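J.: Mind having a look at this structure? Questions to follow.
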Amino acid sequence: MKELVRYAVFLRGINLGKARRVAMADLRTLLTEEGYDNVASLLQSGNVVLDTDRPPAELGTAIEQAIEKRFGFAVGVILRSRDELARVVAKNPLVGVADDGSKYVVSFLARPLDMSIEDELAGAELGADRYAVDGTEMYIWCPGGLRDSPLMKALGKIKDGPPATVRNWNTVEKLLAMMQ
C-alpha cells in the first residue's frame, strides 16, 4: 500500500467574480468522490488540503480535469506537500520586515522562474515593497497594501513568468496548521 501524502491544493482564479464560482462544500464533495481522503477547505478562495497516494505530477492534472468536468471551466492547480509548505513557513526570508500577515503574501509558482526577476523589475520604483525568491516561491511584502502596491503592479506586467497563485501569510500559516 502506498503512503498517503498531505497536500495543500491552491486553485487559481476561482471565486474572484461571478462567472467562476465554486462553493467550497461542492468542491469538498467532488474531491471526496474522486477518492481523496481528509478533504478540508479554507476560505472561499480555493484553498484545499487533502491526503492522497497519487504522485504530484498526476494529482494536479486529475484535480484540474475533475473541476472542469463538474463545474464547466478550467482552473489551474498548484500543489505543495505538507513538508514543502512547512519549509515555506520556516524559510520566511522577510521575517524581520513583514509584520502584517494580510500585507505579506507568498506567490506559489508552478515552476521556478525562467528569468531573472531582478532584470524584469529593473527600473521599477518599488517604494517600501520588498520581495525574496526561493525556488518556486516568491515572498512579497507590501506594507501599503496589495491593491496599490508598486511591486504587485510591476509583477503584473511580466508576461513570460510561470503560472502562479498568491496567498497571504495568514492563510499560509492556517493551511499549514490544517495539515498537521
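J.: Mind checking the per residue accessible area of the chain for me, 1.4 Å probe, whole number of Å²?
T.: 52 Å²
J.: Here's something else I'd like to know. Give me the percent of the accessible area of the chain that comes from carbon and sulfur atoms, probe 1.4 Å, all protein chains in place.
T.: Looking at the chain in its full context, I get 49 percent from C and S.
J.: Where does the chain land at 222 nm, in deg cm²/dmol rounded to the nearest 500, when only DSSP H runs of n ≥ 4 count, each adding -39500 (n - 2.57), divided by all residues?
T.: Computed mean residue ellipticity for the chain: -9500 deg cm²/dmol.
J.: How high is the FRET efficiency from residue 2 to residue 111, r the C-beta distance, R0 22 Å, rounded to 0.05?
T.: The pair residue 2/residue 111 has a calculated efficiency of 0.30.
J.: Whenever you get a sec, line up 2, 18, 159 from highest to lowest accessible area (probe 1.4 Å, protein heavy atoms).
T.: Reading off the accessible areas and sorting them downward yields 18, 159, 2.
J.: Projected onto the charge dipole of the range 62-114 (+1 at Lys/Arg Cβ, -1 at Asp/Glu Cβ, origin at the Cα centre), which of 95, 74, 107 gives the Cα projection farthest towards the positive end?
T.: 74
J.: Above 13 angstrom, tally the Cα pairs of the range 47-92 and express them as a % of all pairs, no decimals.
T.: 62 percent
J.: So what's the net charge close to residue 2: Lys and Arg +1, Asp and Glu -1, counting the other residues with Cβ under 9 Å from its Cβ?
T.: Working: positive: 54; negative: 3, 53.
Around residue 2, the charge tally is -1.
J.: What is the angle, in °, between the Cα long axis of helix 56-71 and the longest principal axis of the Cα atoms in the chain? Nearest 10 is fine, range 0 to 90.
T.: Roughly 80 degrees between the two axes.
J.: Using alpha-carbon pairs under 8 Å, 6+ residues apart, how would you state the relative contact order of the chain in percent?
T.: After rounding, I find 24 percent.
J.: I want to check a number: in the chain, how many lysine pairs have alpha carbons closer than 29 Å, given a sequence separation of 8 or more or different chains?
T.: Total qualifying Lys-Lys pairs in the chain comes to 19.
J.: Give me the Å³ per residue figure for the convex hull around the C-alpha atoms of the chain.
T.: Per-residue hull volume (Cα only) is 122 Å³.
The values are calculated or read from the model by the stated rules, or taken from the named source; none is laboratory data. Fair warning: this is a prediction, and the values are worked out from it, not measured in the lab. Please note: Cβ atoms are built from the backbone with ideal geometry, for glycine as well, and neighbour counts cover all protein chains shown. These accessible areas exclude ligands, DNA and RNA; they are computed on the full protein's heavy atoms, side chains included. Shrake-Rupley method; radii C 1.70, N 1.55, O 1.52, S 1.80 Å.
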